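Visitor: Questions regarding the structure given below will be posed in turn.
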Amino acid sequence: MFLKASSAIMLPRSGSLAREGARPWLVASYLVLGVPLTSLVLLDGAIPGASLLWLMGLLPILVSARQGGWRPVAVAGGIVSAIIVATHLVLSATGRPVPDLLPGTLAILLGTTIGVGWLATRIGENEGDDEESALTDSLTGLPNRRHARVFLETMFGAAERGRPVTVILFDLDHFRNYNDRHGQEAGAMALRHFAELLASSTRRMNLSARIGGEEFLSVLAGSEEEGARAFADRIRESLQTAHLERGSLTVSAGVAAYHPSMRSPEELLASADLALYRAKEEGRNRVRVFGKDVGSDDAREARRTSGTGDAEGSGGIRRYGENTASLGKTPPPRELLPDSLPQFGTGRTILLVEHGTDLEDAVGGYLRREGFELTTIPDASSAIQSLGREFDLVLTDLHLPGLSGTELVRAVKSRWPATQVLVVGEPGQTQFAADALSAGGDRFLHQPISLPEFQTHLIDALARHDRIRSEHRRRHRLSKESFERADESRSMAVHGILSLARAAELYDAHSQGHAQRVAGYSLAIHQGLGDRGHEIDAELLNLACLVHNVGMLEVPPEILNKTGPLTPEEFERVRRHPLTGRQILEPILGDELILAVTGWHHERWDGTGYPDGLAGEAIPLAARVVAMADALDAMTSTRPYRRALTWEDAVRQIRDRAGTHFDPGLIEAFNAALPDLHRRFLRQDSPLEPKGRSEESIAP
């Protein structure tokens, strides 16, 4: 993660300007070496102990230590030693006396170089630790590298949950030349002036930080690309017109907005870095936006020319950002750069339901640009019929012709629980909003809907959809593995459920044997489907039929055996039995086919069935098969309120109601199965009781 040291934004020490300020002193310290050189070469070592004057070589070694680390110290020690050795050779070649103490002095200098180098390295490490524990840059007063990386990591997490986040990398143009021309103090004042510009323009909820010598980072929460571009342009224009004490400065900026395809803060930072690189390449003093001004061609070129990590070496993308001096000057690591900005909607499906074009006009173009497969339907009835496939998200208006948006919401969440439903309505429609959310809607959005708001809710909704689907797959896998490991447990669970189903039939003397007859009819129709029936497991279909009416346990016997018409309240009790059945079976069996048959065998092709009003292909095929078989047995069986129909009348009604009650596509299978169906009717044949998974089959 970004917070870890291995992948954090590693920034230069806040003392970098101090180290740059040490350079004039370093030059002066080398000039001091003229004293021993003059004594030995021009005065022939006339000054007593003149060779000890070479200990002045310690001065450039000590001054070099201010630059941090052992390398500057080693370079200084090498230069001083080379001067001493060269002097020794010149004295020997010209016949002049070589002081006896000269070799010892050289040894002292070399030993001191090693010691000072080690000490400088340790001090540098401690300075880094001290700065890392602070939150503020000592020169500018802005947040420092530690604060910046913590904030960016936090905002990236918020972006993954749907909140827009944009980052801007600023780099002062030709700042090193400005320092050389006007001096270090002028450079420090220019940095402080730019920091004040950033601080005064950055809102409290955002953050601007100094991340390098002349590099700055702004993290804008809740901001889109164009808003960030405007922010960066204001800063750029303010600096360009500012009256600095000496000379003038300009700044280049690279902007990148979080995109759902990004996997880490490093990718977001690298995108801004590529935009900054383009701004520098085009002449500086400008703002460029990744994904707008910088596209796939730039990313591919950067992938071709960039290395695998920072110029500092072996860390690769895990150390990306450590060498801030390279930001905007060399392409980012190719591992962090996409060939193009991916469309995060690729492979995603959205159903948009509205009677008009307001939603289509507001978000339709955006969804298509992002690669979503968008299906637009003008009414709830047609939308319900389209639920034969699972959508990632449904976006619906509340006011629809025919069925209401609330009924659509209920149907969607019943058929596809993971599908996210965003309901759109007027601000004052509080009761409608409450009804939609009670029906299962996931979020209520007010009209007119704004694209930034919609993007936030869209990203959040898709993340929830994926989490629910993942959890469902995990539970299904564990359930399947558990059943496969324990045939005996499964057998006990199945027989327990069958006992409940038989108990439900005992409530109604006229329905005894109904489940077994429905199972036989369903399996015959399933046989008539041919290749189309391969998606239905015959064993599970048989079991589903045997338990499909288990929810009748909730209906009192006096209602089931009533000879007169049912009251609306009594009929509502009967209509609830599919939902009750699902609730009973889900924690015990949990198979989708069994739950579909139990919950939707009373749905009708035209959407007038119950409990959810599903229609057409939205009703699972197995449930449509069982609905036809259930009706055939019901019509040919005597009920308290009517006599049984003849076989011929029942068959005719099945055919006549194809396209309203029943799937017209099943009529061919029904006709093909008629001989078998009639034989079963005459014999009242029953399927075998299902057994454990270890048995061959539970087919009749």
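Visitor: Could you rank the peptides 146-154, 409-417, 439-447 by their average count of other C-beta atoms within 10 Å per residue, with the highest value first?
Guide: Put in order of decreasing packing, that is 409-417, 146-154, 439-447.
Visitor: Please list 72-85, 550-563, 248-261, 425-438 highest first by mean number of surrounding beta-carbon atoms within 10 Å per residue.
Guide: Descending mean neighbour count gives 248-261, 72-85, 550-563, 425-438.
Visitor: Among residues other than Trp605 whose Cβ falls under 10 Å from its Cβ, what is the net charge (Lys/Arg +1, Asp/Glu -1)?
Guide: Result for the local shell: -1.
Visitor: Okay, moving on. In whole Å, what are the Cα extents of segment 372-434 along the three principal axes, biggest one first?
Guide: Principal extents (Cα only, largest first): 33, 23, 22 Å.
Visitor: Residues with beta-carbon under 10 Å from that of Glu373, excluding Glu373: net charge, scoring Lys, Arg +1 and Asp, Glu -1?
Guide: +1
Visitor: For Ala159, what is the net charge nearby, where nearby means another residue's Cβ is under 14 Å from its Cβ and Lys, Arg count +1, Asp, Glu -1?
Guide: Here the charged neighbours net out to -4.
The numbers here are math on the coordinates, done by the rules we state, and not lab data. This structure is a prediction, so every number in the text was calculated from the model and none was measured. With ideal geometry, Cβ positions are generated from the backbone for all residues, glycine too; neighbour counts draw on all protein chains shown.
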